Amino acid sequence: MKVGILLEEVFDEREFIYPYFRVQEDGLEPVVIGPESRAYKAKSGWMARADVAAAEIKASEIAGLIIPGGYAPDRLRRSHDVLRLVREIDEAGKPLAAICHAGWVLISAGVIRGRRLTGYHSIKDDLVNAGADYVDEPLVASGNLITSRGPADLPVWVRAFTAAVKGR
């Protein structure tokens, strides 16, 4: 099964690398998706490449979607194709995982109103103002939405995502 991982400039490399390899260890195939199919630079300067542009992929082609944090979500939320893909994944009830600042993408996609979730503490007000029920916990699952606060929560977050994909 293929799962998508979003990528954009200034991503948090921990929140990209950890799920990239963990999903493979669980027998899933990562497909790296960016606004464009090209290389993107992490906060540290490390580079990763998007396999495909968001405009070229549909929710029907992947079993779930991971949105890493860092400052990339502020850029990802500007892409109509990324937001379309996030909405399609959510509407299909497929696992949708967001960590740290990735809640910004969920806000712009319009998928959090009335849902319980978490994220990095600095975007709590943004999440609440967009209609979410914010809680400060390492892992929050609300239907198909799987959220965590930051790098310290990576193990429980990715485990929950892969379990949701395999259990679907």
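Averaging the Cα positions of each part gives two centres, and for segment 3-71 and segment 153-168 these lie 16 Å apart. Loop-located GluC sites (Glu not before Pro) in segment 1-64 (DSSP state other than H, G, I, E, B) with a sparse environment of at most 13 neighbouring Cβ atoms within 10 Å are absent.
Within the same chain, lysines fewer than 8 places from residue 166 are excluded, and of the rest, those with a Cα less than 28 Å from its Cα are 2, 58, 94. Relative to the 2.2 N^0.38 Å rule of thumb, segment 1-62 has a C-alpha radius of gyration ratio of 1.07. Summing charges over neighbours of residue 109, with a neighbour being any other residue whose Cβ is under 9 Å away from its Cβ, gives +2 when K and R count +1 and D and E count -1.
Of the trypsin sites (Lys or Arg not before Pro) found in segment 74-116, the ones in coil according to DSSP and having at most 16 other Cβ atoms within 10 Å of their Cβ are 78, 113. Scaled against the 2.2 N^0.38 Å expected of a compact globular protein of N residues, the Cα radius of gyration of segment 2-167 reads 0.90. Computed from backbone phi with θ = phi - 60° and the Karplus coefficients 6.51, -1.76 and 1.60, the 3J(HN,Hα) list for segment 30-46 is x, 10, 7, 10, x, x, 9, 7, 6, 7, 10, 9, 6, 4, 7, x, 4 Hz; x is used for glycine and proline. Charged neighbours of residue 1, selected by a Cβ distance under 11 Å, balance to +1 (K, R count +1; D, E count -1).
Using Cβ point charges alone (K and R +1, D and E -1), the dipole size of the chain about the Cα centre works out to roughly 140 debye. Where both bridge residues fall in segment 2-167, DSSP classifies roughly 25% of the beta bridges as antiparallel. In a fully extended conformation the segment linking residue 137 and residue 122 would gain 4.0 nm over its present Cα-Cα distance, using 0.36 nm per residue.
Put a plus charge on the Cβ of each Lys and Arg, a minus charge on the Cβ of each Asp and Glu, and nothing anywhere else: the dipole of segment 50-118 about its Cα centre is then about 340 debye.
Here, each number is a calculation from the coordinates, and none is a lab measurement. From a predicted model like this one, the values you see are computed outputs, not experimental measurements. Don't worry about glycine lacking a Cβ; one is built from the backbone with ideal geometry, like all the others, and counts go over all protein chains shown.
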